[in-house]
Amino acid sequence: MNNKHTGVDLKSVKLLAGLWEDRNRLLAHAIIPYQWDTLNNRTKDVPLSHAVENFRIAAREMEGVPEGTIFQDSDVAKWIEAAAYSLVFSPNEALENTIDELVRLIEKSQHSNGYVNTYYTAKGIEQRWTDLAMGHELYCAGHLMEASVAYYQVTGKRKLMDVMIRYADLITEEFGVEEGKLHAYDGHPEIELALYRLADASGDDRYKDLADYFMNIRGVPQKDGTGSIAKEGKKPKTRWLDSDYLIADKPIREMDTVTGHAVRAVYLYAGIADQYRRTREPELWETLKLLWDNLEQKRIYITGGIGSQSHGERFTVDYDLPPDRGYTETCASIGVVFWAWRMSLIDADSRYADMVEKEIYNGALSGISLDGKNYFYVNPLETKPQITAYRQDMEHVLTHRVGWFDCACCPTNIARLIGSIGSYLYSVSGTRLYVHQYIASEVDLMVGGSRFLLRQTTTYPWDGDIRFSLEMAEPQRFSLLLRKPGWCDGWEIRINGIKDDTYALEEGYIVLDRMWTTSDTVAVLFEMPVRVVQADSRVQAYCGKAALMRGPLVYCLEEFDNGPELQELLLDPQGSFELGKETIQSVSATCILFDGYRETISLDSLYAPMKERQRSKVRLKAIPYFQWGNRGKDEEMRVWLRSL
């Protein structure tokens, strides 16, 4: 295990032509403006946000009371963070001025003691910290802190970070182990991630100490029996909304199963990873490995979705992964990215980068439409609109994306993931340069004390052909480590056009160690056949079924291409598959064409004695899962098909 990985600064990475350059162009020119209008109540036919208006009220620049969710401030924070990242890709003075004006509002809303929260400003800040289980105060604080660090790192402007440092100082004064302080933590992890990040940006390790405190006290029973959640011990008390919902049923060092509210859980696990990176405490690493194995082996959908029950938006038990009514929240998949990336920085095992890849191409990316203006909160693997619309236990499932939500945590979250995608591609450890993700890009970086430029060109994920070239002032010896995707069984490496078989394979990374010069090139070709995938038979929903994948992409069938009653379709695992092109909303993708069967059983009565089944051969088309729902509303979709 390598303990000294560092990521590469986002500003050092330039995206080149490809899927993610397209997504970042969309972020800068469509998503950020659309979301800003929506946060200001200017978008028609969507729920009103009130998020910016709430800060105007808190800043005493307009009359009224805050509206929206109790955590509405976090929407503004994540938009600032996403907008900051977009400035790296597309500098925009007008956008920067808009952010600066918003920062002015936030600063003006700050109380003299440093407190910032529009909801509790209206309620009375003497009520602060009285409902930490569900009040989301530290959660909102955390997102504002992360936004402040992002904006400072991109622009060099400190005003928002200074505002949040004052807030962090207040939290440091009021929470902690000392007598007279609050011995409590937030019901929704996030402040921990933010404090570690703020400490790195500011150089003040007090914030790391406070983050460690919040981590260490979580789930530790107190004398009053509150479990440290809030001063009054407020917490939900139902079977599905108890302390494990808050991931507070046991101390972090005793955790071994992913449980509770899915987003809260993975944010917490990312925080444990941050704490381990600071302390190197072996017990924390053992906890992380147990939690990871449980998620990866027993509690995650093929798309990377997590959270199989809507009530509590939570994990349930091992192998419970229903395709049509699971929760699979976009924010949860994004949280998995945060956790997996931190695991990669601790231990360069390719399975962590494989997980990042799974999420960014499937479970997270499906949460936003191809035009950037419509969203899924929940990402099902199967929809049948005429059933979904009438079942109470599926009321959370939408069969088409919408322009906004009353609880709109996901749109701004996917925006900040898209904008920060360049930060997940590379890491450096001594004289080793790791390539974790195959995304067309240039990176200017230091390895082993020398600076050089690495250029990566590829059309991945549409094919497995990736080319690297180097520009450097003088020859340099270092190791270039290329992730071998977990889905790949065959590959070829060429250095300067000559096939190379001398590489080592280390924890899923191809290690190319040599003296490099500015004229060197590396070509890697990962074979990318269509794969027919089955699930463990303990996942009862998928027994006798199969799914299609190619490269990192999960595929699905839509009614638009294949007609209604998709449950009648059968897939032949031994059949042949052809590749085609499908352009949806100007986004071109590789589709899969194949022969399957339709088995229609039409009876005179609902039930009848079994007879020989009649099957007709049909031509079927599968598209990437992230593209579904972009060609019309309320049609059937299915990832898993019955298998011959």
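The values are calculated or read from the model by the stated rules, or taken from the named source; none is laboratory data. Note that the structure is predicted; figures quoted are calculated from it, not measured. Here the Cβ positions follow ideal geometry from the backbone for every residue, glycine too, while neighbour counts run over all protein chains shown.
Look at L345 and say whether it is in a loop (DSSP other than H, G, I, E, B) and not assigned by TED's automatic domain parsing to the domain that holds F560. Can you show your working first?
Working: in a loop (DSSP other than H, G, I, E, B): no; not assigned by TED's automatic domain parsing to the domain that holds F560: yes.
Here the answer is no, as L345 does not meet what is asked.
For the range 616-644, what are the residues that are under 29 Å from S537 (Cβ atoms) and of a type outside the set (A, V, I, L, M)?
Initial filter on the range 616-644 (under 29 Å from S537 (Cβ atoms)): 616-618, 620-626, 628, 636-644.
The answer is S616, K617, K621, P624, Y625, F626, W628, E636, R638, W640, R642, S643.
Could you look through the range 521-545, keep only residues that are basic (K, R) and not in a loop (DSSP other than H, G, I, E, B), and pick out the one that is surrounded by the most Cβ atoms within 10 Å (Cβ to Cβ)?
Applying the first criterion (basic (K, R)) to the range 521-545 yields 531, 538, 545.
In the following step, the residues that additionally are not in a loop (DSSP other than H, G, I, E, B) were identified as 531, 545.
Numbers: R531: 16, K545: 19.
Here the answer is K545.
Restricting attention to the range 302-318, does a residue exist that is in a helix (DSSP H, G or I), crowded, with 21+ Cβ neighbours inside 10 Å and either in contact (Cβ under 8 Å) with a residue 24 or more places away in the chain or not hydrophobic (A, V, I, L, M, F, W, C) (or both)?
Taking the range 302-318 as the starting set, the residues that turn out to be in a helix (DSSP H, G or I) are none.
Scanning the range 302-318, I find no residue that is in a helix (DSSP H, G or I), crowded, with 21+ Cβ neighbours inside 10 Å and either in contact (Cβ under 8 Å) with a residue 24 or more places away in the chain or not hydrophobic (A, V, I, L, M, F, W, C) (or both), so the answer is no.
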All-but-one check, T431 against (1) free of Cβ contacts under 8 Å to residues at least 60 places away in the same chain; (2) in contact with a Cys (Cβ under 6 Å, 6 or more places away or on another chain), failing number (2)
Considering only the range 191-209, state which residues are in contact with a Leu (Cβ under 7 Å, 6 or more places away or on another chain), buried (at least 24 other Cβ atoms within 10 Å of the Cβ) and not hydroxyl-bearing (S, T, Y). I191, L195
Of the residues Y167, Y119, Y152, Y139, which is among the hydroxyl-bearing types (S, T, Y) and within 22 Å of the chain's Cα centre (by Cα)? Y139
With the checklist (1) at pLDDT below 95; (2) within 20 Å of M134 (Cβ to Cβ) in hand, flag the one item I191 doesn't pass. (1)
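So that you can scan it fast, the table gives a plain yes or no per residue for (1) without any contact (Cβ under 8 Å) to a residue 12 or more places away in the chain; (2) assigned to a loop (DSSP other than H, G, I, E, B); (3) touching a Lys or Arg at 6+ places or on another chain (Cβ under 9 Å):
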site: F452; (1), (2), (3): no, no, no
site: Q456; (1), (2), (3): no, no, yes
site: R467; (1), (2), (3): no, no, yes
site: S479; (1), (2), (3): no, no, yes
site: L482; (1), (2), (3): no, no, no
site: W487; (1), (2), (3): no, yes, yes
site: I510; (1), (2), (3): no, no, yes
site: D513; (1), (2), (3): no, no, yes
If you scan the range 168-184, which residues turn out to be surrounded by 22 or more Cβ atoms within 10 Å (Cβ to Cβ) and either at pLDDT below 95 or part of a helix (DSSP H, G or I) (or both)? A168, I171, A184
Kindly establish whether D73 is surrounded by fewer than 19 Cβ atoms within 10 Å (Cβ to Cβ), of a type in the set (D, E, K, R) and within 29 Å of D9 (Cβ to Cβ). no
By residue number, the members of the range 38-55 that are of a type outside the set (V, I, T) and touching a residue at least 24 places away in the same chain (Cβ under 8 Å) are L39, D45, P47, S49, A51, N54, F55
Subset of the range 549-608 that is among the hydroxyl-bearing types (S, T, Y) and under 28 Å from I387 (Cβ atoms) - its residue that is modelled with the lowest pLDDT: S602
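Go over the candidates G363, G372 one by one and state the one that is crowded, with 20+ Cβ neighbours inside 10 Å and in contact with a Leu (Cβ under 6 Å, 6 or more places away or on another chain).
Working: G363 fails: in contact with a Leu (Cβ under 6 Å, 6 or more places away or on another chain).
Matching residue, one of G363, G372: G372.
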Per the list (1) outside the structural domain of W628 (by TED's automatic domain parsing); (2) modelled with pLDDT of 95 or more; (3) surrounded by fewer than 16 Cβ atoms within 10 Å (Cβ to Cβ); (4) acidic (D, E), residue check on D501 breaks on (2)
Just one of the numbered conditions (1) among the charged types (D, E, K, R); (2) touching a residue at least 60 places away in the same chain (Cβ under 8 Å); (3) in contact with a strand residue (DSSP E or B) (Cβ under 7 Å, 6 or more places away or on another chain); (4) more than 25 Å from L579 (Cβ to Cβ) is not true of D406; which one? (3)
Restricting to the range 378-430, give me the number of residues that are of a type outside the set (V, I, T) and part of a helix (DSSP H, G or I). 16
Against the conditions (1) touching a Pro at 6+ places or on another chain (Cβ under 8 Å); (2) over 27 Å from R467 (Cα atoms), where does V554 fall short? Just the number, please. (2)
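Count, please, the residues in the range 376-386 that happen to be surrounded by fewer than 24 Cβ atoms within 10 Å (Cβ to Cβ), touching a residue at least 24 places away in the same chain (Cβ under 8 Å) and not basic (K, R). Even if it seems obvious, please write down each step before you answer.
Within the range 376-386, the subset surrounded by fewer than 24 Cβ atoms within 10 Å (Cβ to Cβ) is 377-378, 382, 384-386.
Still in the list and also touching a residue at least 24 places away in the same chain (Cβ under 8 Å): 377-378, 382, 384-385.
Imposing the further condition that a residue be not basic (K, R) reduces the set to 377-378, 382, 385.
Within the range 376-386, residues that are surrounded by fewer than 24 Cβ atoms within 10 Å (Cβ to Cβ), touching a residue at least 24 places away in the same chain (Cβ under 8 Å) and not basic (K, R) number 4.
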Going by the conditions given, is G464 modelled with pLDDT of 95 or more and on the phi > 0 side of the Ramachandran plot? no
The range 615-631 - residue that is closer than 21 Å to D371 by Cα and polar (S, T, N, Q) and, of those, surrounded by the most Cβ atoms within 10 Å (Cβ to Cβ): Q627
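State yes or no: is E146 farther than 23 Å from L417 by Cα and either free of Cβ contacts under 8 Å to residues at least 12 places away in the same chain or under 23 Å from the mean Cα position of the chain (by Cα) (or both)? It would help to see each step written out before you state the result.
Values: farther than 23 Å from L417 by Cα: no; either free of Cβ contacts under 8 Å to residues at least 12 places away in the same chain or under 23 Å from the mean Cα position of the chain (by Cα) (or both): yes.
Taking the combined requirement at face value, the residue does not satisfy it.
Looking at the structure I just gave you, is I414 surrounded by 20 or more Cβ atoms within 10 Å (Cβ to Cβ), among the β-branched types (V, I, T) and under 23 Å from K484 (Cα atoms)? Quick ask: steps written out before the conclusion?
On the way: surrounded by 20 or more Cβ atoms within 10 Å (Cβ to Cβ): yes; among the β-branched types (V, I, T): yes; under 23 Å from K484 (Cα atoms): no.
No.
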